[in-house]
Amino acid sequence: MGPGPRLPPRVTFATTLAEVDAGRLGVWGSSYSGGHVLVVAAIDRRVRAVVSQAPAISGWRNVARLVRADLIALYRAQFDADRAARYRGEPPAMVPVVAEGMFDPCALPTPDSWQWFTEAGRTIAPSWRNEVTLRSVEMLTEYDPGVYVPRISPTPLLMVIGARDHLTVADEALAAYNQALEPKRLLLVEGGHFDVYTEAFEQTAGAAAGWFAEHL
């Protein structure tokens, strides 16, 4: 999903399903989709409650925090070359999602990302391939869902943040939470980005389920 608010049609589709109560719609997202649900909740009032977990708040600021300045300049040149190649009808350039080396170019340049994706690839997702389009990385730099946060109210917002998250960095998410209006609630859990899916899963999943039960 590229930059910009393009998700509400999925809400419309959900309202057409016989098994869905159109008056009790909630949205949940984590990481990149944790940013998506902030946008959806801000622009579509059919959403009655939202849970945003370890959200990507600002793609550009996130990349600037994770990638060395000289490598950002290199990526910029690669983005331009990829655009020209795709215009000529050539296939999109690909880059690794994760890499083992600290300075190896990839989309998610953190050691815990390498560990998570390689372990998950061996266990729960054996068909996963360690590649993503370079264009997706460029689109991440253009995506800024945090600007929608003040518009979410009065839809109830729960934000779940890992206190040591340095992938979708915790301080960006906490700053976004402070900009949100009531009603809102913050769950700050120990650990990093991927701990919300593992060690803290019962806590994070229970909080999300409770939020929807309370507001839907």
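Against the list (1) open to solvent by 40 Å² or more (accessible area, probe 1.4 Å); (2) over 27 Å from Gly101 (Cβ atoms); (3) within 15 Å of the chain's Cα centre (by Cα), the condition Ser136 fails is (2). Of all residues in the stretch 58-79, those being open to solvent by less than 80 Å² (accessible area, probe 1.4 Å) and within 28 Å of Val39 (Cα to Cα) number 10. Restricting attention to the stretch 55-114, the residues being in contact with a Gly (Cβ under 7 Å, 6 or more places away or on another chain) and aliphatic (A, V, I, L, M) number 2. Sub-9 Å Cβ pairs linking a first residue in the stretch 43-60 that is among the basic types (Lys, Arg) to a second residue that is open to solvent by 10 Å² or more (accessible area, probe 1.4 Å) and assigned to a strand (DSSP E or B), at least 6 apart or interchain, are Arg46/Leu25; Arg48/Leu25; Arg48/Gly26, ordered by first then second residue. Within the stretch 119-133, the set of residues being open to solvent by 30 Å² or more (accessible area, probe 1.4 Å), without any contact (Cβ under 8 Å) to a residue 24 or more places away in the chain and not charged (D, E, K, R) comprises Thr123, Ile124, Ala125, Pro126, Ser127, Trp128.
Within the stretch 176-194, the only residue that satisfies the criterion of being open to solvent by 40 Å² or more (accessible area, probe 1.4 Å) and over 26 Å from Ser153 (Cα atoms) is Glu190. When the helices (runs of 4 or more DSSP H) confined to the stretch 3-96 are screened for residues that are under 26 Å from Asp171 (Cα atoms), those reaching at least 2 such residues are found at 32-43, 59-66, 69-87.
Within the stretch 156-175, work out how many residues are open to solvent by less than 10 Å² (accessible area, probe 1.4 Å) and closer than 24 Å to Arg45 by Cβ. Looking only at that region, the number is 5.
Return a yes/no flag: does the stretch 147-167 have any residue that is of a type in the set (Ser, Thr, Tyr) and either at pLDDT below 95 or part of a loop (DSSP other than H, G, I, E, B) (or both). Yes, the stretch 147-167 contains a residue that is of a type in the set (Ser, Thr, Tyr) and either at pLDDT below 95 or part of a loop (DSSP other than H, G, I, E, B) (or both). Within the stretch 89-115, the residues that satisfy the criterion of being open to solvent by 70 Å² or more (accessible area, probe 1.4 Å) and either among the hydrophobic types (A, V, I, L, M, F, W, C) or modelled with pLDDT of 90 or more (or both) are Glu90, Pro91, Met94, Glu100, Met102, Phe103, Pro111, Trp114, Gln115. Taking the conditions exactly as written (at pLDDT 95 or above and assigned to a helix (DSSP H, G or I)), does Gln203 satisfy them or not? In short, yes.
Just one of the listed residues (Arg151, Arg83) is surrounded by fewer than 18 Cβ atoms within 10 Å (Cβ to Cβ) and either touching a Cys at 6+ places or on another chain (Cβ under 8 Å) or touching a residue at least 60 places away in the same chain (Cβ under 8 Å) (or both), namely Arg151.
The values are calculated or read from the model by the stated rules, or taken from the named source; none is laboratory data. Predicted model only: the values in this text are computed from it and were never measured. Reconstructed Cβ throughout: ideal geometry from the backbone, glycine too, with neighbour counts over all protein chains shown. What goes into the accessible areas is simple: the full protein's heavy atoms, side chains included, and nothing from ligands, DNA or RNA. Shrake-Rupley method; radii C 1.70, N 1.55, O 1.52, S 1.80 Å.
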